[in-house]
Amino acid sequence: MLNTVAKTDAPGAEQELTDGFHLVIDALKLNGIDTIYGVPGIPITDLGRMAQAEGIRVLSFRHEQNAGYAAAIAGFLTKKPGVCLTVSAPGFLNGLTALAHATTNCFPMILISGSSEREVVDLQQGDYEEMDQLAIAKPLCKAAFRVLHAADIGIGFARAIRAAVSGRPGGVYLDLPAKLFGQVMNAEAGRKSLVKVIDAAPAQIPAPSAVNRALDVLKSAKRPLIILGKGAAYAQADDAIRAFVEKSGAPFLPMSMAKGLLPDLHPQCAGAARSTVLKDADVVMLVGARLNWLLSHGKGKTWGDAPKKFIQVDIEPKEMDSNVEISAPLVGDIGSVVTALLEAMGGSWPAPPADWLNAVKTKRDDNVAKMAPRLMNNNSPMDYHGALGVLRNIIKERPDAILVNEGANTLDLARGVIDMYQPRKRLDVGTWGVMGIGMGSAIAAAIETGKPVLAVEGDSAFGFSGMEVETICRYNLPICIVIFNNDGIYRGTDVNSVSPDPAPTVFVKGARYDKMMEAFGGVGVNATSPDELKRAVNAAMESGRPTLINAVIDPAAGSESGRIGNLNPQSVLKKK
Ligand SMILES: Cc1ncc(C[n+]2csc(CCOP(=O)(O)OP(=O)(O)O)c2C)c(N)n1
Ligand SMILES: [Mg+2]
């Protein structure tokens, strides 16, 4: 419904009017967008108030970057664009990192920023928060639009929504100058100008010849491997993907945010035999996973010497051959592609050779057995494995909880140790390995799904979004934050030998992050042993109260850069 803002008093000229504020809200509602993440201020303060009054959920953050990360992950979880609303220049720039992150990760998101007077900005006359935001956003997102007239708001939102979710999803910037909000127009004309986007992300059916080519390559494999990426998780084609993987009989390897698409304890899961399957597979099928740095670009030592053929399923044709030759490109949306594959496989599909399946199983069982005793230690201060052993059991008992995870050692070890059982339950740093997604992701996960959230955070990682604990308390969200406090980045043991300044990687020793949560009325706990940690997390998950547990980790326990220390540049000159 359109909102009538005024009736003119002039006799004989009575007409219902609407304005830019209401048209924006109506455009969102018409398209089923019911949540806004943002930070208020000129010129969008009233927009937030009015949106709330019109039934849109408005989540007000302490920093736009966190609101942006919330919107990005909301897009991943729901396949609808997550919306982040900011003020001009600095607020816009604060949201921009998240927009670029959404684009890189293929999450649909719309960053809506108010902007200053176009005439003044373009003449660079020094307006309040002057900045040519559209030009700055353009190279960092999938599409960028500006709406100058109230009558174009409907089209502007339709373009933004379509651009965000169709094809390969990504970030879209929508520039709304301050003047737009107060523009008034006839209410009926305004209603007619709105656009309900029909079939925003149309199915993209793969060519039958491409399907058959892919199956021919898969059938020829002696050592097949399927790699599931977060694109596969995004697709929400969970049953079809599971049926396809099971019918193929091939071992599968989930990328980080695809964990749980099939349970990590599934007999075909090769997660605990990663290095073996990457080295020895002869046919590798990528489903919604890109051959970027996370997969060592599909070549080099990680991939061994055995010759390989790649099958790649992706909605973006340009993804094919990005790093190595793709023998069987399968372009289409993952749901349609996997359904077509299943149909073309027919009633009987030969199982992969038993020696390959046995080799993978043996390796996996060995690695799991090796790790098991380390996960049961009750050391104090804790090491990563002792603490993660506890959290692993908690997720096993509560498989519908959402796990948010960031850090270096805290990320890499938690990814390996904590098994996931359901799709889209693991949210982490994504393609860039960015620190700072933690609280935004946790808040959006709680809001969008209504499920309890467990955020496992390095002490450094948490710092990037830590002020949002106030937001968590304000909205009383069922979020339990566990901070792996090892006094620093990677380790808390570095010493500066030349001046009184601390080394660049260390923080205040013995910091009590739990007090931050108490400051806002949440529950804070200091846990020094796995037993204490277990009790505190269980209590938090039980109560649903905002909780922050400061888990004291041995400062010497971590390693430089976690698992990716090899990416640090080296010089032949000696370190000082
Ligand atoms: C935005 C951003 N800034 C900096 C980094 C570099 N970085 C990678 S991991 C990390 C923090 C690691 O420390 P912590 O979160 O405490 O995890 P730990 O290894 O100590 O468990 C940093 C700063 C990054 N990835 N992203
Ligand atoms: Mg740390």
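The values are calculated or read from the model by the stated rules, or taken from the named source; none is laboratory data. Please read all numbers here as calculations on a predicted model, not as lab measurements. Neighbour counts are summed over all protein chains in view; Cβ atoms, including those assigned to glycine, are modelled from backbone coordinates with ideal geometry. Please note that ligands, DNA and RNA were not included when accessible areas were found on the heavy atoms of the full protein model with its side chains. Shrake-Rupley method; radii C 1.70, N 1.55, O 1.52, S 1.80 Å.
A few comments on the model shown:
- Cα-based convex hull volume of the stretch 471-516 per residue, rounded to whole Å³: 96
- Directionally averaged projected area (the stretch 247-287, Cα convex hull): 3.0 nm².
- The Cα atoms of the stretch 294-372 define a convex hull whose projected area, averaged across directions, is 7.7 nm².
- Residues of the stretch 486-502 with amide N under 13 Å of a point placed 7 Å along Cα→Cβ from LYS574: none
- Each residue of the stretch 478-494 is assigned a 3J(HN,Hα), and the resulting list reads x, 10, 10, 9, 10, 9, 7, 8, 10, 6, x, 7, 6, 7, x, 10, 4 Hz, derived from the Karplus form 6.51 cos²θ - 1.76 cosθ + 1.60 (θ = phi - 60°), x at Gly and Pro.
- The chain - percent of accessible surface contributed by carbon and sulfur, probe 1.4 Å: 54
- Note that the stretch 328-343 has calculated 3J(HN,Hα) couplings of 9, x, 10, 8, x, 6, 4, x, 5, 5, 5, 5, 5, 4, 4, 5 Hz, one per residue in order, obtained from phi through the Karplus relation 6.51 cos²θ - 1.76 cosθ + 1.60 (θ = phi - 60°); glycine and proline are x.
- Taking the C-alpha atoms only, the angle from helix 238-248 to the longest principal axis of the chain is near 30 degrees.
- Value in Å of the Kirkwood radius, where the stretch 90-203 supplies the Cα pairs that are averaged: 14.8
- Residues ALA53 and GLU119, FRET efficiency given R0 of 22 Å [Cβ-Cβ distance, rounded to 0.05]: 0.10
- Alpha carbon convex hull of the stretch 390-519, volume per residue in cubic angstrom: 116
- Taken over the alpha carbons of the stretch 45-84 as equal point scatterers, the Debye sum produces base-10 log I(q)/I(0) values at 0.16, 0.17, 0.21, 0.23 Å⁻¹ of -0.43, -0.48, -0.70, -0.80.
- Once you reduce the stretch 488-548 and the stretch 70-84 to the center of their Cα atoms, the two points are 29 Å from each other.
- Cα gyration tensor shape for the stretch 58-104, rounded if a/c is under 1.5, else prolate or oblate: oblate
- With a threshold of 30 Å on the Cα-Cα distance, the over-threshold entries among LYS138/LYS301; LYS308/LYS574; LYS219/LYS259; LYS318/LYS451; LYS396/LYS509; LYS259/LYS370 are LYS138/LYS301; LYS308/LYS574; LYS318/LYS451; LYS396/LYS509.
- Taking the inverse of the mean reciprocal distance over all distinct Cα pairs, the Kirkwood hydrodynamic radius of the stretch 18-173 comes to 15.1 Å.
- Each principal axis of the Cα cloud of the stretch 171-223 was evaluated for its coordinate range; sorted largest first, these ranges are 67, 23, 13 Å.
- Loop sites by DSSP among the GluC sites (Glu not before Pro) of the chain, restricted to those with at most 13 other Cβ atoms within 10 angstrom, leave 15-324 as the longest stretch without any of them.
- Environment charge at LYS29 (Cβ cut-off 14 Å; Lys +1, Arg +1, Asp -1, Glu -1): +1
- Cα centroid of the stretch 318-360 to Cα centroid of the stretch 364-440, whole Å: 29
- Taken along the Cα-to-beta-carbon direction at a fixed 7 Å, the label points for GLU397 and MET467 span 3.7 nm.
- Spherically averaged projected area of the convex hull of Cα atoms, the stretch 306-432: 11.4 nm².
- Cα coordinate range in the stretch 237-334, projected on the principal axes (Å, largest first): 30, 29, 22
- Mean ellipticity per residue at 222 nm, deg cm²/dmol - from DSSP H runs of n ≥ 4 across the chain, formula -39500 (n - 2.57): -11500 deg cm²/dmol
- Potential lengthening of the chain between ASP239 and LYS138 amounts to 32.7 nm, from the contour at 0.36 nm per residue minus the alpha-carbon distance.
- Label-point separation in nm, ASN323 to LYS196, each point 7 Å along Cα→Cβ: 4.3
- Largest-first principal axis extents, alpha carbons of the stretch 164-260, Å: 68, 30, 20
- Just so you know, the Rg over Rh for the stretch 423-488 is 0.95, from Cα atoms, with Rh as the Kirkwood radius.
- Positive minus negative residues near LEU548 (Lys, Arg vs Asp, Glu; Cβ under 13 Å): -3
- Less than 5 angstrom separates the built amide H of VAL404 from those of LEU427, LEU454, ALA455, VAL456, all sequence-distant by 5 or more or on a different chain.
- When the inverse distances between all different Cα atoms of the stretch 329-396 are averaged and flipped, the Kirkwood radius reads 16.2 angstrom.
- Gap separating the Cα centres of the stretch 139-158 and the stretch 236-278, nearest whole Å: 40
- Convex hull volume per residue for the chain, taking Cα atoms only, in Å³: 181
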